[in-house]
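Asks: Structure below; questions to follow.
The values are calculated or read from the model by the stated rules, or taken from the named source; none is laboratory data. Quick caveat, the model's predicted, so the values are computed rather than measured. Every residue, glycine as well, gets a Cβ built from its backbone with ideal geometry; the counts of neighbours run over all protein chains shown. All accessible areas refer to the heavy atoms of the entire protein, side chains included, with ligands and DNA or RNA removed. Shrake-Rupley method; radii C 1.70, N 1.55, O 1.52, S 1.80 Å.
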Amino acid sequence: MTEQAQTIPQYFLLQAKKYGANKIALRQKEFGIWREFTWQDSYEQVRDFALGMIVLGLQRGDHVATVGDNDRQYLWAYIGIQAAGAAVVGLYTDSTPNEMAYVIDHSDAAFVLAKDQEQCDKMLEIRDKIPRVKKVIYWDERGLWNYNEDWLISFEEVQALGRELAQKEPTRFETEVALGKGSDLATLCYTSGTTGLPKGVMLTHENLLYSNKAYLDVDPRYDTDNHVSFLPMGWIAEPVLGIAPHVYAGMIMNFPEEPETVQENIREIAPDNLFYSSRLWDTLVAMVQVRMKDSTWLNRKLYEWFLPVGYKMADQKFAGKSVGLGLRLAYMLGDWLVFRPLRDKLGMSRLRSAYTAGSALSPDAMRFFHALGINLKQVYGSTEVSGGATLHRDNDIKFASVGKPAPGIEVKISEKGEILISGPTVMKGYYKNPEATAKDIVVDENGRRWFCTGDAGYIDEDGHLIYLDRMKDMLTLANGERFSPQFIEGRLKFSPYIRDVMAIGGETREFVTALIIIDFENVGRWAEQRGIGYTTFVDLSQRPEVYALIQEAVNEVNKSLPEAARVRRFVLMHKEFDADEAEMTRTRKLRRGFLADRYREIIEAMYNGQSEVKVRAPVKYRDGREGFVETAVRVASLAT
């Protein structure tokens, strides 16, 4: 069945014909009820939208920018746009109007799909900056009833135009889908832009489908599997691990009621596979640890007794050692009393495989989830290689590695120590940026194209890729040894009381320091339990008791670091790092250069031996008032 298909819409059409009205294709929770839609329902929705877009003037080769929460309409539009021969340009829902204007204009988007009033208002604000956009299509009409604006058109109106065309030309949709080729552009996925303006990564249907197949060869997906779609559609992960397996293997898509109900909806569906960013896995570690500390005496004791058993089981398993009967029985009891209820609370009771990607997840966090019986695997890759290039296999998981190359993908290390990737998933290039394409794609003597990742790493004796850090972010320590700040940051974030960290060092620095952001919710709860009063984030972060709490975590991490790489001084920052202030990307990667410049005074204070530094900080009070406060940020020094 599948050999004749080359594109995402072609696979979709095959599944729709195979299952028709006899099988559920997707669900979405609305008003507390999970609504179900068959493959026939999806077929009609996609067909009508695709043909409606053609009536509006969408041409093969056009680009359509899309922004909105994960909804069924987003999925139908995604496939429908590609069915008409166009490419999807994903935007992040929390992007500012100017950020959206850049991507929409740079990508030459002819249309914009914008979910609701909030996103439509952004489009109206930047209308003069996106002159090529013919129409803005919305699917949530709340708040838009009184807008008298011809530029806006509803999802249903587009579909009504499509139904009229379908009546005149009954085979037009199938004809359009058949025209697609694997080499056609499927999506323009813009990079996070940690060092400058975002670049538009051109990915074909072949790129996306091969990446999907590489995952499925390692961890198969079935038409009975459930997937909860919540990762940003503008990121590469959801198209590759959600949409592609949906059309390729018939996997059932499930859409949350609201972004705020994702965790609750995941628990209700109990998906068979799950992909969280490392940030979300870190958050879950902190949540479990804090909840267990707040639990009953008996539950705390059971957790304290059996977690070491879980760790021992995980360590034996991944060291390739046999598990003795005593350990096996102890783990079975722990699983029944502790781990299984915890997995159920997390929505992971039916989970076969789970992935983490983005910034590196600490080995401590990997061990923790395997101790709970969660089959968590590290994935490594980038948008330029259609998502993942390496991943762990069952029973071959090294906590410090990012796995082995996916089937059909080659990985090698350059003389400079840079990770290079080759294979069918490597991008076509950067849109309208041949210079950047030539810089990042090199062709070897055999004609193979290699993507230069900009990441430092090495391949160990077992063929596992060990990711260290960005090449430009590696620290050269005082003794000349190169070390990864991400490794330090990952270990520190294992503490439930630490939300973000930026480790600092370099050739001109004699030691390592750190800017640390407390986890306001967890530290606030800890403070309240001990009768420590506070009014704002700034106030709480500078409490001596909180400094002592965080210093314990830093001291513990320092024990596992080479002496030269240990954190000697740190500050608890007066505010969180904020993507809206360009301090981090929308996928929460630190913009290190920007942060180093913005907080130069604080950083220099740590290296100059000052005990504090004065800053002017924005504050938001519990009654909703906002303002600024002058405050002194303390510098903590640790024993060398």
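Asks: In nanometres, what is the gap between the two model label sites at Leu333 and Phe31, each 7 Å from Cα along Cα-to-Cβ?
Replies: Label at Leu333, label at Phe31, 5.1 nm between them.
Asks: Provide the percentage of antiparallel DSSP beta bridges, counting only those with both residues in the chain; round to the nearest 5.
Replies: 60 percent
Asks: Quick one: 3J(HN,Hα) in Hz for the stretch 501-510, Karplus 6.51/-1.76/1.60 with θ = phi - 60°, rounded, Gly and Pro as x.
Replies: Residue by residue, the stretch 501-510 yields 9, 10, 7, 10, x, x, 4, 8, 10, 8 Hz.
Asks: Using +1 at the Cβ of each Lys and Arg and -1 at the Cβ of each Asp and Glu in the stretch 152-257, identify which of Thr191, Val247, Leu165 lies farthest towards the dipole's positive end.
Replies: Thr191
Asks: Now for a separate question. Calculate how steeply helix 155-168 sits against the longest principal axis of the alpha-carbon atoms of the chain, using the helix alpha-carbon long axis, and give the answer as 0 to 90 degrees to the nearest 10.
Replies: Tilt relative to the chain: about 30 degrees.
Asks: Please name whichever of Gln82, Tyr102, Leu56 sits farthest to the positive end of the charge dipole of the stretch 1-156, dipole taken about the Cα centre and charges placed at Cβ: Lys and Arg +1, Asp and Glu -1.
Replies: Among Gln82, Tyr102, Leu56, the one farthest towards the positive end of the dipole of the stretch 1-156 is Gln82.
Asks: For Tyr458, Tyr74, Tyr331, Tyr210, give the ranking by accessible area with the largest first, probe 1.4 Å.
Replies: Of Tyr458, Tyr74, Tyr331, Tyr210, the descending order of accessible area is Tyr458, Tyr210, Tyr331, Tyr74.
Asks: What are the trypsin sites (Lys or Arg not before Pro) within the stretch 90-191 that DSSP puts in a loop, where the Cβ has at most 10 other Cβ atoms within 10 Å?
Replies: Arg142
Asks: With charges only on Cβ, +1 for K and R and -1 for D and E, what is the dipole size of the stretch 81-210 about its Cα centre, in debye, rounded to 20?
Replies: The dipole of the stretch 81-210 has a size of about 320 debye.
Asks: What FRET efficiency comes out for the pair Asp217/Arg588, r = Cβ-Cβ distance, R0 = 30 Å, nearest 0.05?
Replies: 0.50
Asks: Moving to a separate point now. Under 19 Å Cα-Cα from Lys472, which aspartates and glutamates qualify once same-chain neighbours fewer than 8 residues away are excluded?
Replies: Cα-Cα hits under 19 Å: Glu384, Glu415, Glu418, Asp440, Asp455, Glu481, Glu489, Glu507, Glu510, Glu583, Asp597.
Asks: Sort Thr96, Thr204, Thr175 by heavy-atom solvent-accessible area, probe 1.4 angstrom, most to least.
Replies: Listed by decreasing accessible area, they come as Thr175, Thr96, Thr204.
Asks: Quote to one decimal, in nm, the extra length available between Lys129 and Arg598 on full extension: 0.36 nm per residue of separation minus the C-alpha distance between them.
Replies: Here the segment from Lys129 to Arg598 would lengthen by 165.9 nm.
Asks: Sticking with this structure for a sec: With a probe of 1.4 Å, find how much accessible area the chain has per residue, and write the answer as a whole number in Å². Before the final figure, lay out each step's value.
Replies: Numbers: 27170 Å² over 640 residues.
Ligands and nucleic acids excluded, the result is 42 Å² per residue.
Asks: Run the reach check for Lys312 against aspartates and glutamates, Cα to Cα strictly under 18 Å, same-chain hits fewer than 8 apart removed. What comes back?
Replies: Partners within reach: Glu304, Asp335, Asp364, Asp394, Asp396.
Asks: At 0.36 nm per residue, and after removing the present C-alpha to C-alpha distance, how many nm does the segment from Gln610 to Ile413 gain when stretched out fully?
Replies: 66.7 nm
Asks: Shifting gears a bit: With the convex hull built on the Cα atoms of the chain, state its orientation-averaged projected area in nm². Show your work: numbers first, answer last.
Replies: Details: hull surface 123.4 nm².
So the Cα hull casts an average projection of 30.9 nm².
Asks: So who's got an amide H within less than 5 Å of the one on Glu583, skipping anything under 5 residues away but keeping other chains? H placed 1.01 Å off N, in plane.
Replies: Long-range HN contacts for Glu583: Asp578.
Asks: Also: With label points built 7 Å along Cα→Cβ from the Cα atoms of Ala178 and Ala21, find their separation and express it in nm.
Replies: Going by the 7 Å Cα→Cβ label model, 2.6 nm.
Asks: How large is log10 I(q)/I(0) at q = 0.14, 0.22, 0.28, 0.32 Å⁻¹ when the Debye formula is applied to the Cα atoms of the stretch 288-340, each weighted equally and without solvent?
Replies: So the normalised log intensities work out to -0.38, -0.79, -1.06, -1.23.
Asks: Okay, next question. Size of the dipole of the chain about the Cα centre, Lys and Arg at +1 and Asp and Glu at -1 on the beta carbon, nothing else charged, in debye to 20?
Replies: Working: 79 positive and 89 negative charges, 292 e Å.
My answer is approximately 1400 debye.
Asks: Please give every one of the lysines within straight-line cross-link reach of Lys134, meaning a C-alpha to C-alpha distance under 21 Å, and leave out same-chain neighbours fewer than 8 residues apart.
Replies: Output for Lys134: Lys115, Lys122.
Asks: In whole Hz, what ³J(HN,Hα) sequence does the stretch 444-454 give by Karplus (6.51, -1.76, 1.60; θ = phi - 60°), x for Gly and Pro?
Replies: In residue order, the calculated couplings are 7, 5, 9, x, 7, 8, 10, 8, 8, 6, x Hz.
Asks: Here's something else I'd like to know. Name the long-range amide H neighbours of Val89: under 5 Å, sequence gap of 5 or more, or other chain; modelled H, no Pro or chain starts.
Replies: HN-HN under 5 Å from Val89: Val64, Ala65, Thr66, Leu188.
Asks: Measuring from label point to label point, each 7 Å out along Cα→Cβ, what is the Gln316 to Arg350 span in nm?
Replies: Those two pseudo-labels are separated by 3.1 nm.
Asks: If you plug each phi of the stretch 28-45 into the Karplus form 6.51 cos²θ - 1.76 cosθ + 1.60 with θ = phi - 60°, what whole-Hz ³J(HN,Hα) values come out, in order, with x for Gly and Pro?
Replies: Those phi angles translate into 9, 8, 9, 6, x, 10, 7, 8, 10, 10, 7, 5, 5, 4, 4, 4, 5, 5 Hz.
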